[in-house]
Number of protein chains: 2
Amino acid sequence: MTTDEVGPVIVERIFNSEPLLYKEDPEKYSKEFIPKINKYREEIKCNIPPEAVLSPGKVDSDLIIPEDFEEIAFKDGMKVAAKTKILTEKELEIVNLTAVEIVDAIAKGDLSAVETITAFIKQAAIALQITNCAMQFFPEEALARARELDEYYKKTGKTVGPMHGLPMSLKEHYGFKGKTTNAGFASMIDHFTADDALTTAIFRKAGAVFYIRTTQPQSLMHLDSSNNITGRCRNPHNTALSPGGSTSGEGALIALNGSPLGTGSDIGGSIRAPAAFCHIWGFKPTNKRVSLMGAFASYRDMSNDTVLCSVGPLANSADDLALYMKTFLDAEPWLKDNYITRAPWRSDIDLPLSSLKIGIVFDDGIVKPSPPVLRALKLAKESLEKAGVGKCIEWVPYQTAKGLEICNVAYNVDGNFNHRSRYEESGEPLRPLSEHHMRFGCGDKGVSTQELLQLIHDRDEYRQQFADVMNETDIDFVLTPAYFAPAAIPDKIKYWGYTALYNILDLPGVSFPTGLVTDPSLDAKDTQYVPRNPLEEYEYPMYDETVFAGSPVGLTLHGRRHYDEETLAATKLIQEIIFKAAQDA
Amino acid sequence: MTTDEVGPVIVERIFNSEPLLYKEDPEKYSKEFIPKINKYREEIKCNIPPEAVLSPGKVDSDLIIPEDFEEIAFKDGMKVAAKTKILTEKELEIVNLTAVEIVDAIAKGDLSAVETITAFIKQAAIALQITNCAMQFFPEEALARARELDEYYKKTGKTVGPMHGLPMSLKEHYGFKGKTTNAGFASMIDHFTADDALTTAIFRKAGAVFYIRTTQPQSLMHLDSSNNITGRCRNPHNTALSPGGSTSGEGALIALNGSPLGTGSDIGGSIRAPAAFCHIWGFKPTNKRVSLMGAFASYRDMSNDTVLCSVGPLANSADDLALYMKTFLDAEPWLKDNYITRAPWRSDIDLPLSSLKIGIVFDDGIVKPSPPVLRALKLAKESLEKAGVGKCIEWVPYQTAKGLEICNVAYNVDGNFNHRSRYEESGEPLRPLSEHHMRFGCGDKGVSTQELLQLIHDRDEYRQQFADVMNETDIDFVLTPAYFAPAAIPDKIKYWGYTALYNILDLPGVSFPTGLVTDPSLDAKDTQYVPRNPLEEYEYPMYDETVFAGSPVGLTLHGRRHYDEETLAATKLIQEIIFKAAQDA
């Protein structure tokens, strides 16, 4: 399939406007669910500590806190904590530590679990008021747990595990002992989960302190963030933009230092897109490396193996991602979750810069990257070459459109049966991008068994061809944008190609902050550009330097399948070089 | 599902006699295919070295070689080489070496590749005349390759790789450069394969010398061995019995020392059953550990991920299985085959006998093992306990019938579309057990997409429940029969439960020789036994001590998913103990 064929094959379906099988039920929804939703939202608000409540319009020196973060493009999130003096100096220092620094300090006795979680509770409260990133917030429970941990440490001189006292955030769709888990569906607002998801259980045992569960879009299937329960989550760098999705809340929260480390999941870009849009680190490992046991989504009593979701961490540093992986895998989770691979975390990666062979994707042939993203890619190439990277070439992914077509059909092989039945239970209105997702692939029609078996064959063949091209062109890593622009316009992002391609390929990927920021004087929109297909025609004009001014650019490095450790190690190496070059530029 | 429900759920389908959709085409088959088949058979015969041709009726001391190995239960296969003097004393010594001993001797210069392959060519010729285990035999090519290898060694003092000069056999369905590959389908008799399968290519590069491709049943889907191209393969210990299948030829050949090491594949017991029936070693690793790239079967342009085939070795010792795995995985095959897991072979397994926790399956609740198999299990339990194994308890697999039902449906999710189309191309007659396989699960009806997604879910849930029971009962290994009897009556074996259960579970398993031999005085048929279900009623009476007299008993040890190295190491440990006990008894 060539780029020319993108139109007929993918676009026709995406822009199809035939009615969907799903019918909203406004009466049922407003009668049975709106009251529950209002109560749910109220509870989040009530748990904000009074000293951390932001007064709209409050003026503190030069900082103006707007009435409505969505209407006003508020870009000063990081300044709020300092300028409002909600956090003490010491607390500000704490929330600026990485997860590794925190666990080290607590293990040495330099910090207590209580003072650590106290600081993050305040900072998370600020973040959730600015970005609406929380789906549940429970500071009291967290403080009680932190006190327990401090007592244990005081009594024994030991930590309970490698995450002793570490504040940790969780995307909401992981089961949490004694709480409800809705996965972005109104129908699941009362869905009580008796047990922790396996990831949650392992980190809890390792000493993590949970205090916030973060938001996600309706159905989890947007690269954006809007659901009917908590509404829209906003980009921490510019509240008029999207934080990306579906691990939206983690992206917003971690970027504002409201959490040092969180759990996300990615079936089309849901870790890598929000990490890039929010300018933090996010790691999608190879499928089946981290457990989905106890995570909820649309499917129940059915499993779609054709395109799989990867669970992984988001954080503010590469080392924190490794801490997450090592802690999880050291627990030998494969003995509990039969589904995942047995593959202990390898910490002994020796990967000199001169050994890295990278292909850089300046354009995937479907939607051209916007000027600031192109500038980041160029900066990456120049700085890496200068620093002595082994190889760094311009590289075009093998038959992107074919890969994406397979991926899109794979999402909906069940003809949306599972999504539809989750929606029907509440009759909730579809968010605009939920409708978009249900039009992917063959939409409500789904595929027959034979078509599904063909699809699996095509997928494996495509993966093999992609790997062959990597072998032939002699590259081990693919550096790509996470999206054509630094972030997305709310409710608009329809093109998943820069991330979803690597889901159908099952390649690990790490999004990272480049440090490069959209500069209207350097990154003017290319108004002369003629889109090559209807998808590009839709997506490309959404970039505008005035709207995106100040937006930082994240990129993603993908590695070979099962080369998770190498991919993370390589990203750490190249990020330092690119970030420094961005600061020096 | 309880044992009581085995009848309605599985048996009804298996004993269903409604006509299949496939219709034979005798005219097309006899006109277009019989001549090709005759030519194909003739070629195998022509390649037998004249000095290795067995004269029917030939009498050499006390050895009588029968006119027809199928009619007469010939049990003296191992004596033929010595008594007919087809092999010299030195050659007899060579064919009694293990693969590890051979590569060591060649690497040291104590043996040449040519003398080694010469011995194995003769012994293989004997084996193929007795058991009909060959599908292709090409001694001349092998000798040429051995000469090359000897020259290289002479010139450089080095080996080309860890298998330098090792004679190696291959199940036919692996693609072989420049030859045809039929996978047991008459329609594929002309199917030319330009390239080696990946396993073949890696072993070739490592220095293996190929000389024989071994037989398999029609469609590969029997635990027996009968196809329309080369006919029936016979059990090396008793030519009136089945060698098991589908890696039938390897089982027969290796048991007669006609090859030290071979490649097989297993989707329902196809390595473990022939290894057990032929009293050799066979290893089915966890799925995706060894590559299927370049192997052929019924499916093309479609892939059935629901139950997967594992590739693995057959040999006469545990160390030879490890040599195979290490050589293959040291080549980093995952960089070539994107489908397999990246998991290097771990040679550093430290597994003291006292750490082994084993559950022994004396009865899976569906078909009770026959007396000699029960005797072997009892011997195993007693000898292991005496030797100080960590734990050794009687153990019943969790809901066997449920697991098998999932597995049977999984085989035929396509409603036999792929098998049928392979058959239709030739119109060949179905062998009795091909018909049996096509009645598995939902047979020609197949499943809908939603049923398939439910099946995948049920499979994963069953795997998890099985793993949970292993955790709860605190065992790491399951010691089982490979079949209810020591071997099978030709064309009769319908019960795959003792092996196929571990395919749907994806647990690694090693079949091994116990050294215990069916003794009519100890192993009389239990004529009073009342079968619990129609499957048992069909299968159980097939054991008869007079028919099976002298048949050696193999057993299988299964380990946890992804614990391939531990499973092999544990089997090596326990086999030594059990084998010694059998000799001493």
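Which aspartates and glutamates, on any chain, are close to B:LYS357 with Cα under 13 Å apart, when same-chain ones fewer than 8 places away are left out?
Once the sequence-local aspartates and glutamates are set aside, what remains near B:LYS357 is B:GLU385, B:GLU394, B:GLU472, B:ASP474, B:ASP476, B:GLU566.
Considering only the stretch A:47-345, what is the antiparallel percent among its DSSP beta bridges, to the nearest 5?
75
Convert 25 °C to kelvin, take the viscosity as 0.890 mPa s, use the Kirkwood radius over C-alpha pairs of the stretch A:199-256 as Rh, and evaluate the Stokes-Einstein diffusion coefficient in µm²/s, rounded to a whole number.
D, rounded to a whole number, is 204 µm²/s.
Can you tell which of B:PRO369, B:GLY359, B:ALA387 lies farthest toward the positive end of the dipole of the stretch B:268-400, using +1 and -1 charges on the Cβ of basic and acidic side chains (Lys, Arg; Asp, Glu)?
The one lying farthest along the dipole's positive direction is B:PRO369.
Report the relative contact order of chain B, percent, no decimals, based on alpha-carbon pairs under 8 angstrom and at least 6 residues apart.
Here the relative contact order equals 17 percent.
Taking each pair of different alpha-carbon atoms in the stretch B:47-345 once, compute 1/r for the pair, average those values, and report the inverse of that mean as the Kirkwood hydrodynamic radius in Å to one decimal.
18.9
How many angstrom separate the Cα center of the stretch B:62-133 from the Cα center of the stretch A:420-453?
So the separation of the two Cα centres works out to 63 Å.
Report the charge-dipole magnitude of the stretch A:47-345 in Debye, nearest 20, computed about the Cα centre from +1 at each Lys and Arg Cβ and -1 at each Asp and Glu Cβ.
That gives the stretch A:47-345 a dipole magnitude of about 560 debye.
In nm, give the distance between the simple-model label positions of A:ASP190 and B:ALA524, each being 7 Å from the Cα along the Cα-to-Cβ direction.
So the two model labels end up 6.8 nm from each other.
Would you order B:ARG41, A:ARG213 from fewest to most other beta-carbon atoms within 10 Å of each residue's own beta-carbon?
Ranking B:ARG41, A:ARG213 by Cβ neighbours within 10 Å, fewest first, gives B:ARG41, A:ARG213.
Only Lys, Arg, Asp and Glu count, each charged at its Cβ (+1, +1, -1, -1), so figure out the dipole size of chain A about its Cα centre, rounded to 20 debye.
1060
Roughly how far apart, in whole Å, are the Cα centres of the stretch B:176-205 and the stretch A:249-295?
So the separation of the two Cα centres works out to 45 Å.
Under the convention of a label 7 Å out along Cα→Cβ, give the distances in nm from A:PRO35 to the same position in every other copy, shortest first.
8.5
How large is Rg/Rh for the stretch A:284-407, to two decimals, with Cα atoms and a Kirkwood Rh?
1.03
Apply 1/(1 + (r/R0)^6) to the Cβ-Cβ distance of A:LYS39 and A:LYS177, taking R0 = 25 Å, and write down the FRET efficiency to the nearest 0.05.
Result of the calculation: an efficiency of 0.75.
Report relative contact order for the stretch B:446-585 in percent, whole number only (criteria: Cα-Cα under 8 Å, sequence separation at least 6).
33
Among B:PHE283, B:PHE15, A:PHE74, which comes first, then next, by fewest other beta-carbon atoms within 10 Å?
Ranking B:PHE283, B:PHE15, A:PHE74 by Cβ neighbours within 10 Å, fewest first, gives B:PHE15, A:PHE74, B:PHE283.
For chain A, which DSSP H helices look membrane-span-like by this rule: Cα extent along the axis of 15 Å or more and mean Kyte-Doolittle of at least 1.0?
Those that pass (Cα extent of 15 Å or more, hydropathy at least 1.0) are A:113-131.
Enumerate lysine pairs in the stretch B:374-457 that are 8 or more residues apart or on different chains, then count those whose Cα atoms are under 28 Å apart.
7
Residues with beta-carbon under 14 Å from that of B:GLU24, excluding B:GLU24: net charge, scoring Lys, Arg +1 and Asp, Glu -1?
Around B:GLU24, the charge tally is -1.
Along the charge dipole of the protein assembly as shown, which of B:TYR462, A:ALA549, B:SER246 sits closest to the positive end, that is, farthest toward it, with unit charges on the beta carbon of Lys, Arg, Asp and Glu (+1, +1, -1, -1)?
A:ALA549
What net charge do the residues around A:ILE489 carry, taking every other residue with its C-beta under 14 Å from that of A:ILE489, with Lys and Arg at +1 and Asp and Glu at -1?
Net charge around A:ILE489: -1.
Amide H neighbours of B:LEU261 under 5 Å, at least 5 residues apart or on other chains, H built in the peptide plane: list them.
Amide H neighbours of B:LEU261, under 5 Å, 5+ apart: B:SER169.
With 30 Å as the limit, write out which pairs from A:LYS45/A:LYS492; B:LYS45/B:LYS154; A:LYS122/A:LYS158; B:LYS31/B:LYS179; A:LYS79/A:LYS205; B:LYS83/B:LYS326 have Cα-Cα distances beyond it, or answer none.
B:LYS45/B:LYS154; A:LYS79/A:LYS205; B:LYS83/B:LYS326
Roughly speaking, what is the centre-to-centre gap between the stretch B:503-529 and the stretch B:356-397 when only Cα atoms are used, to the nearest Å?
10
First obtain the Kirkwood hydrodynamic radius of chain A from its Cα pairs, then insert it into the Stokes-Einstein equation at 10 °C and 1.306 mPa s, and state the resulting D in µm² per second as a whole number.
67
Relative contact order, percent, of the stretch B:47-345 when contacts are C-alpha pairs under 8 Å separated by at least 6 residues?
So the answer I get is 18 percent.
Can you give the convex hull volume of the alpha carbon atoms of the protein assembly as shown per residue, in Å³?
Here the figure is 182 Å³ per residue.
Might you report the magnitude of the Cβ-based charge dipole of the stretch A:146-255 about its Cα centre, with Lys and Arg at +1 and Asp and Glu at -1, to the nearest 20 debye?
Here the stretch A:146-255 has a charge dipole of around 300 debye.
Find the Cα radius of gyration of the stretch B:252-305, compare it with 2.2 N^0.38 Å by division, and give the number to two decimals.
Computed over Cα atoms of the stretch B:252-305, the ratio equals 1.29.
Mind scanning A:LYS494/A:LYS525; B:LYS23/B:LYS494; A:LYS368/B:LYS288 and naming the pairs with a C-alpha gap bigger than 31 Å?
A:LYS368/B:LYS288
What is the order of B:LYS79, A:LYS122, fewest Cβ neighbours within 10 Å to most?
In increasing order of surrounding Cβ atoms, one gets B:LYS79, A:LYS122.
Quick one: of the DSSP bridges fully inside the protein assembly as shown, what percent are antiparallel, nearest 5?
70
For B:LYS28 and B:LYS580, what does the FRET efficiency come to when R0 = 60 Å and r is the distance between their Cβ atoms, rounded to the nearest 0.05?
0.60
Every number here is computed from the coordinates shown, using simple stated rules; none is lab data. Source: prediction; values computed, not measured. As a convention, Cβ positions derive from the backbone with ideal geometry for all residues, glycine included, and neighbour counts pool all protein chains shown.
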